[in-house]
Amino acid sequence: MKEGGGGYRNLLAISSLDKDDVLSLLDSARSFAEVSTRSVKKVPALRGKTIVNLFMEPSTRTRMSFELAAKRLSADVVNFSSSTSSLSKGESLKDTAKTIVAMGVDAVVVRHGSAGAPLMLTDWVECSVINAGDGMHEHPTQALLDLFTIRERLGRLEGLKVAIVGDIDHSRVARSNIHALRKVGAEVVLVAPQSLLPRDIQRMDVAVAGTIDEVLGWCDVLYLLRIQLERVNESRFPSLREYTLLYGLTDARWSELDHKPMVMHPGPMNRGVEIDSSVADDVESVITGQVAAGVALRMAVLYDLLGGSHG
Amino acid sequence: MADSILIKGGRALTFPGGLTGEVDIMVEAGRIKQVEAGINAGGAMVIDASGCVVAPGLVDMHVHLREPGMEYKEDIASGSRAAARGGFSAVFCMPNTEPPVDNLSVAEYVYDRGVDEGFCMVLPHGAITVGRRGETLAPMGEMAACRAGVMGYSDDGDPVANSEMMRRAMEYARTIGALIISHSEERSLSDGGQMNEGYYSTLLGLRGIPGEAEQIGVYRDICLAEKTGATLHLAHISTSGSVELVRSAKRRGVRVTCEVAPHHFSLDDSMLTSYDTNLKMNPPLRSRGDVEALMEGLADGTIDVIATDHAPHASHEKETEFDRALFGVVGLETCLALVMTKVVDSGVLSLEDAIARLTEAPARIMSMERWGYGTALEEGDDANLVVFDPEQRWTVDPGEFMSRSRNTPYAGWDVRGRVQHTLFKGRLVVIDGELAEGTR
Amino acid sequence: MEFEARAQLLDADDIARVIRRVAHEILERNKGRDDIALVGVRTRGVFLARRLARTIEEIEGGSVYVGELDVSLYRDDVAIRRASNVGVTQIDFDVNDKKVVIVDDVLFTGRTTRAAMDAIMDFGRPAVIQLAVLIDRGHREVPIRADYVGKNLPTSGNEKVRVSLTEIDETDMVEVGEERER
């Protein structure tokens, strides 16, 4: 993890972690997963710490996951979201940051529509900053929980063949996963029309395939991204129907597969678009596993950042 | 204040002529009286210029001094002082003020404010279209005939989106002997963009502005200039593709010139990993390869002019999320040092050729002899001079800027080449690097 | 920091004898093996707990519950020391009404034991909690006393005790020495 200004430890991007950071968080998440299986799902590790969930973009899943993680570590949690806050009244991020500093909190978990906003926050607050998704940039805890889920199920990460399918261009989940998977030695192929790929993506050391059929039968893990209808209006592809035709994990494709890959999705799934409903039912356990892993992983992150002295 | 000033022991840089040996320059009653070695000071105030270069005052074809309308960012008082401190004797203000310079009264207002302040010539460019809205032609003839003598026309900040409008503007400008300055940008490709489209925009998750957005604009305006015979100047070109388009247009004899801003040759998009909003400008910082192509363009003369695109913004407009921050950086007070450090030191251009891009070339394009501005440093010319030490190293401290805004990406940079003195119409407006207030 | 041994206190045979004696003591105090659960504190306490369990099973037959505890999350000094990797806690049995014996290698300030008790309580309500340690080196900071002690070893504050067990170290032994800057 990176030391930020003032010696606070932050989790801003997978790109700034090294392989050992990633693996040690995954190891420690394993221990935290056990806490969530107890009858008393709570340990006193972060007693007396205060964590602010600063969510400037709608999110239920990630916010709940961070909140549960914090509470299971006995930290106090304050939620601050744009719909209820003064941000909608035009207050600047910097002013919000100053308010947070005045409240004397220990960490800010920030979700923001603008790439780089969490990094900017580190200049303005005097506490740890955790990126819970910034624009199209990164969503580091999602990638870590995805790796955790893969490793729990397949027993390894190195050498695995992972295909990520869908709207790579707009996806912070894809970016963080690419960084994370490459760091731990997995092979990554991106599957999307060029109109949904960001420029020069190959420089991130990944391969590119044009349709889902090119990777089925090859990949160990098939990671489907959520496709959004508004991309049709941006002329990124002609129609959802055509998307399904070329990139959808349809029942026909699924049932033909001898070697069925582990299917992942950051949720919520668009049934009938990126995945057929029957296939979704088949693979639902992995996807709910991702959600459960999310709490454990975020506990590991919070504990790593806050559970020790600075320096 | 002494009416005559003797600048002693500097090397004069003249166009034509180039760099001389050590000479003395006597300035009297606002004009150059004598350029010779060993002039007797007599009663003149003596300025020691040993080790320095004495060049014609610099000319910046592209600044935004924000007055009228956005004085909280900059005004002509602060902007013209920043210019003088940067060694400039003339700056051309883009018309995107509020109200814009699309009629003679705003043009004369800007001109008069510059005269009032007296630190350098503040000369407005006019808008091509009324309100810069791209719909109807602004009264170019009227603005050209007024005392501001507007010669360059641009909707800078925005492109003229409609090609028919641009064509007519060029035809009309040609008739009245005016220059069209193109802000070349195909907005349907750049809309929503925050930085150069490429590996780094992908890495940072920031929406990209492809080089093609600029090049399509550049190519369109070159085609239109070729067709209409108009004189075209391309503002702030930033990509290798643009350099190549201009190079080939010049080869064909199109009457086109272009400029590059110091930030485009001194910085590149890999630096944006800091999400520093002081690195956000339009056109955006491009790739390493583009920077190299711009240097080649400077070296082979494809790029005629270095202009700052000085674009001040208040701190609250920059200290915000990257995609909410405004585009632009200040540049007047760092320009000469960046040219010395990045262009001259690296051997891209000789000192003479580099300074020509800041004096002789813009003066020629903007017909500066109208304003009594000459680059030959001949007897009788207005004494618009910059005395700078090409070797002096200094560290950029935005806190010392005369500009009202501090949005510079160069804070803390160690650079070489510092303005010691600036004379404007024979008056010392900058002495020993500091503004000479109250000298009038 | 590097440990520099000054003397060996227990060798492999000594440790084996201690395990046997403590196993007998546990059985004696609790009147048989019924409802006994041994919970080892990570790392070496876990191995000692397994050895004790095996010995008890040899003596009495049947099987004894063994659990593993990582107390990092319960420590009161997380603000002082750097958070390290948290090990897995594994208690696969119902602790309610069990006779839980916490097993650790060295008893020092007592804070680890305090944390271990808190952790066990989060799993349920044992009938009784007892403490078995291989070495008690004194210097308690909380009112905690071991029920079963392999060896009492009064030490000075800057002395350190190093326990090696074959499960993760090369040999079985206990040494006393000092920690030095490398």
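Quick look at the numbers
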quantity	calculated
Test: residue in region A:68-77 that is more than 21 Å from the chain's Cα centre (by Cα), facing chain C (nearest Cβ under 10 Å) and of a type outside the set (A, V, I, L, M)	yes
Residue check for residue C:48: within 14 Å of another protein chain (Cβ to nearest Cβ), surrounded by 15 or more Cβ atoms within 10 Å (Cβ to Cβ) and part of a helix (DSSP H, G or I)	no
So residue A:64, is it within 26 Å of residue B:325 (Cβ to Cβ), free of Cβ contacts under 8 Å to residues at least 40 places away in the same chain, under 21 Å from the mean Cα position of the chain (by Cα) and not in a loop (DSSP other than H, G, I, E, B)	no
Any chance residue A:31 is surrounded by 17 or more Cβ atoms within 10 Å (Cβ to Cβ), facing chain C (nearest Cβ under 8 Å) and either among the hydroxyl-bearing types (Ser, Thr, Tyr) or closer than 16 Å to residue A:78 by Cα (or both)	yes
Of the criteria (1) surrounded by 16 or more Cβ atoms within 10 Å (Cβ to Cβ); (2) in a loop (DSSP other than H, G, I, E, B); (3) within 14 Å of another protein chain (Cβ to nearest Cβ), which one residue A:59 fails	(3)
Residue B:166 vs. criteria under 20 Å from residue B:242 (Cβ atoms), part of a helix (DSSP H, G or I) and modelled with pLDDT of 95 or more	yes
Meets criteria (surrounded by fewer than 22 Cβ atoms within 10 Å (Cβ to Cβ), away from chain C (no Cβ under 14 Å) and in contact (Cβ under 8 Å) with a residue 60 or more places away in the chain) for residue A:9	no
Region B:307-360, residues that are of a type in the set (S, T, N, Q), touching a residue at least 24 places away in the same chain (Cβ under 8 Å) and in a loop (DSSP other than H, G, I, E, B)	B:308, B:320, B:334, B:346, B:359
Complete set of residues in region B:135-180 that are crowded, with 18+ Cβ neighbours inside 10 Å and of a type in the set (S, T, N, Q)	B:154
Meets criteria (among the hydrophobic types (A, V, I, L, M, F, W, C), out of contact with any helix residue (DSSP H, G or I) (no Cβ under 7 Å at 6 or more places or on another chain) and modelled with pLDDT under 95) for residue B:2	yes
Out of B:203, B:232, sole residue that is out of contact with any strand residue (DSSP E or B) (no Cβ under 9 Å at 6 or more places or on another chain), farther than 29 Å from residue B:415 by Cα and aliphatic (A, V, I, L, M)	B:203
Meets criteria (over 18 Å from the mean Cα position of the chain (by Cα), part of a helix (DSSP H, G or I) and in contact (Cβ under 8 Å) with a residue 40 or more places away in the chain) for residue B:297	no
Meets criteria (away from chain A (no Cβ under 14 Å), of a type in the set (A, V, I, L, M, F, W, C) and over 26 Å from residue B:368 (Cβ atoms)) for residue B:209	no
Selection count where residues are on the phi < 0 side of the Ramachandran plot, over 21 Å from the mean Cα position of the chain (by Cα) and not β-branched (Val, Ile, Thr), scope region B:117-142	8
Members of region B:306-325 found to be within 25 Å of the chain's Cα centre (by Cα), within 14 Å of chain A (Cβ to nearest Cβ) and of a type in the set (Asp, Glu), listed by number	B:317
Any hit, region C:137-157, residues being assigned to a strand (DSSP E or B), more than 14 Å from chain A (Cβ to nearest Cβ), touching a Pro at 6+ places or on another chain (Cβ under 7 Å) and at pLDDT 95 or above	no
Matching residues, region A:271-311, being more than 10 Å from chain C (Cβ to nearest Cβ), part of a loop (DSSP other than H, G, I, E, B) and surrounded by 19 or more Cβ atoms within 10 Å (Cβ to Cβ)	A:273, A:274, A:276
From the options B:190, B:182, residue that is closer than 17 Å to residue B:309 by Cβ, touching a helix residue (DSSP H, G or I) at 6+ places or on another chain (Cβ under 6 Å) and within 14 Å of another protein chain (Cβ to nearest Cβ)	B:190
Qualifying residue in region B:348-355 (condition: surrounded by fewer than 16 Cβ atoms within 10 Å (Cβ to Cβ), farther than 13 Å from residue B:85 by Cα and assigned by TED's automatic domain parsing to the domain that holds residue B:96)	yes
Qualifying residue in region A:22-40 (condition: farther than 20 Å from residue A:290 by Cα, assigned to a loop (DSSP other than H, G, I, E, B) and touching a Phe, Trp or Tyr at 6+ places or on another chain (Cβ under 9 Å))	yes
Filter pass, residue B:230 being more than 22 Å from residue B:299 (Cβ to Cβ), more than 14 Å from every other protein chain (Cβ to nearest Cβ) and either touching a Leu at 6+ places or on another chain (Cβ under 7 Å) or surrounded by 24 or more Cβ atoms within 10 Å (Cβ to Cβ) (or both)	yes
Output for region B:236-274, where each listed residue is over 14 Å from residue B:331 (Cα atoms), in contact (Cβ under 8 Å) with a residue 60 or more places away in the chain and surrounded by fewer than 24 Cβ atoms within 10 Å (Cβ to Cβ)	B:257, B:270, B:271, B:273
Residues of region B:1-58 classified as crowded, with 23+ Cβ neighbours inside 10 Å, assigned to a loop (DSSP other than H, G, I, E, B) and touching a Leu at 6+ places or on another chain (Cβ under 8 Å), total	1
Residues being at pLDDT below 95, part of a loop (DSSP other than H, G, I, E, B) and of a type in the set (Val, Ile, Thr) - total across region A:212-245	1
Cross-chain or 6+ apart pairs with Cβ under 7 Å, region A:91-106 first and closer than 17 Å to residue B:317 by Cβ and modelled with pLDDT of 85 or more, then surrounded by 15 or more Cβ atoms within 10 Å (Cβ to Cβ) and of a type in the set (Asp, Glu)	A:93/B:321; A:94/B:319
Hits in region A:106-134 - residues which are over 17 Å from residue A:63 (Cβ atoms) and within 13 Å of chain B (Cβ to nearest Cβ)	A:114, A:115, A:116, A:119, A:120, A:122, A:123, A:124
Candidate set: region C:88-113, residues that are surrounded by fewer than 19 Cβ atoms within 10 Å (Cβ to Cβ) and touching a residue at least 40 places away in the same chain (Cβ under 8 Å); chosen: the one nearest to the other protein chains (Cβ to nearest Cβ)	C:93
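The values are calculated or read from the model by the stated rules, or taken from the named source; none is laboratory data. Everything numeric in this text was worked out from a predicted model, so none of it was measured. No Cβ is skipped: glycine too gets one built from the backbone with ideal geometry, and neighbour counts run over all protein chains shown.
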